[in-house]
Structure formats: C-alpha cells, structure tokens
Amino acid sequence: PPLPPAGLAARVGDRSVTLRWDRTGERGVAGYNVCRSAASTGPFTRLTPSPIPLLSYADTDVTNGAAYYYCVSVVYAMEVESSLSLPVTASPHAFGSDAEFLDYLEQNGLHYFWDGANPVNGLVLERGNSNAVAGIAATGFGLTAIGIGMDRGWLTPEQGRERVLATLQTLWDKPQGIGATGNSGYRGWFYQYLDPESGLRTGTSAISTLDNALLLAGVLCAKASFSGDNPLDASIRRLAENIYNRVDWAWMLN
C-alpha cells in the first residue's frame, strides 16, 4: 500500500483546528482524507466526505479545552488509499489577544493560497474541491499573500521567489489569441478560469475586468516584494512589467 502523507501539523485557534501536511510526490493523487478521534489510539472517524485536493483542512466542529487527534491518508486513482499517518494532537482555546487572532487568520489565509496552488505553474485553485479550476483572481491573491508571508517570516525569500517566478512566467508564456480554445487570454487580458495544469482557458469562461484587476494587483505587489539586486528579482520585476504593459486597456472600453 502507498505511504501516508508526511509532515502533518496542527495549529489551534478559538473553536478551530487547522491541519497542514506535505504534498505527496507520486502521480495519480486523487486527494486526501482527514480523520479525527478523541483518543490517540482511535477509533478514527473520517471528516472529509470525499478526498480533498488541498494540503490543509479546517475543523470548526470542536470545543475549546478538549483534546483531538488527527490523521491523514492519501487516495489515488481507482480508490487506492494509504494507511493513516501518525496522529497529531490539538486542543483549541480562546485567543489571548487580537494579535494572536490576526496571526492565526493571516497564516491560515497564506497557506490556503500557497497550498491551493499548482507548485509547478503557481496557478491557484478557485475552490477547495477536486473539480476546481484555477482562478486568476485567486492567483492574484496568492501572489499578494506570498509577499505578506515573507514579511511575517512564514515563507523564506527563496520559497517566495521560486513560486512567484513560476507564476509570472506561466502568465507571460501562455498563448493569447482569439481562438475559443488553446489560449489563456486575449489582448493581455486573461480568461477568468484556467486549467490548473495547462494554464489554458476552461469551458466558456469570460474575460472579467474585476478578476483581471485582482490578478494584476497581485502581479504588481509581487514586483514590489522583490526589489533586491538578485538576478531572479530582476526577472520577476521584468515579467511583472511585461504582463501589466501587455494589457490592451482601450480595447476593454468598447
């Protein structure tokens, strides 16, 4: 049987527990199941009705002061499932200060966009389910979150730089044109929903000015987050400028 996910960790808040684990490297992963128990030895009850594609899970059906134990398994195609991971324990509690609450909220927000992205191309899933497409608005939020994560020490500059560079390179390289398929956008604008693997338009998704504004805001935020002399920082700034300057603003006025 396949090995269970590694690196399972829990963060606690007021009546909530947030779990994260490492991405399983093998191909054919359909998702992950999360299980909970009141004892370290079980029995464990599955919390996820179906495997989830994200590397995190928020359990809000908990009581402050109680102890909970969590395990995670990975599910492959043909419903082949690994054994459960080693359990982690968590005991939610009321926040001691506004700062503690904001740290919990912001760090969970960062990891939603970080874990929900394809690490190869940086495109962020629009929803946390197995049928989700990548959304350009979510990708824009993800770019902004990376800068915040580095400022707060939750991501290293190396991690942020690698992910941002991959994202901007994807946005710049994918074809643009008038064809209904095979393109990521038109006249510098991007279609609202993209395939998370290919980066190309899904279905009949439209070009949304709002979603593009959120994406471009993230692109410009990424540019501002990498202002150093590092050659990769210069590449990030150049790609951000190219993506922004390629947009045909006048065309959208029609």
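Quick rundown of the values:
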{"item": "Region 135-166: trypsin sites (Lys or Arg not before Pro) falling in loop per DSSP and having at most 12 other Cβ within 10 Å", "result": "R152"}
{"item": "Between 0 and 90°, nearest 10: helix 157-173 axis offset from the chain longest Cα axis", "result": "50 degrees"}
{"item": "Given charges at beta-carbon only (K, R positive; D, E negative), |dipole| of the chain in Debye", "result": "360 debye"}
{"item": "Potential lengthening between N242 and A213 on full extension [0.36 nm per residue; Cα-Cα distance subtracted]", "result": "8.9 nm"}
{"item": "Per residue accessible area in Å² of region 94-133, where ligands, DNA and RNA are left out and the probe is 1.4 Å", "result": "51 Å²"}
{"item": "Estimated 222 nm signal from helices in the chain, with DSSP H stretches of n ≥ 4 weighted -39500 (n - 2.57), rounded to 500", "result": "-11000 deg cm²/dmol"}
{"item": "Solvent-accessible surface ranking, highest first, for V80, V34 at 1.4 angstrom", "result": "V80, V34"}
{"item": "Region 152-167-region 212-236 distance, computed between alpha-carbon centres (Å)", "result": "11 Å"}
{"item": "Area of Y68 that stays accessible when all protein chains are in place (1.4 Å probe, Å², to 10)", "result": "30 Å²"}
{"item": "Of all accessible heavy-atom area on region 62-174, the percent that carbon and sulfur account for (1.4 Å)", "result": "57 percent"}
{"item": "Reference-scaled alpha-carbon Rg (2.2 N^0.38 Å with N residues) for region 80-193", "result": "1.31"}
{"item": "If the convex hull is drawn through the Cα atoms of the chain, its volume per residue in Å³", "result": "141 Å³"}
{"item": "Hz values of 3J(HN,Hα) by residue in region 97-108 - Karplus curve (6.51, -1.76, 1.60), Gly and Pro given as x", "result": "7, 4, 4, 5, 4, 5, 4, 5, 5, 5, 5, 5"}
{"item": "With all protein chains modelled, accessible area of E26 [1.4 Å, Å²]", "result": "110 Å²"}
{"item": "Cα→Cβ-extended label distance, 7 Å offset, between T204 and R46, nm", "result": "3.6 nm"}
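The values are calculated or read from the model by the stated rules, or taken from the named source; none is laboratory data. In this text the structure is predicted, and so the values were computed from the model without any measurement. Note that each Cβ is placed from the backbone with ideal geometry, even for glycine, and that neighbours are counted across all protein chains shown. With ligands, DNA and RNA removed, areas are computed over all heavy atoms of the protein, side chains included. Shrake-Rupley method; radii C 1.70, N 1.55, O 1.52, S 1.80 Å.
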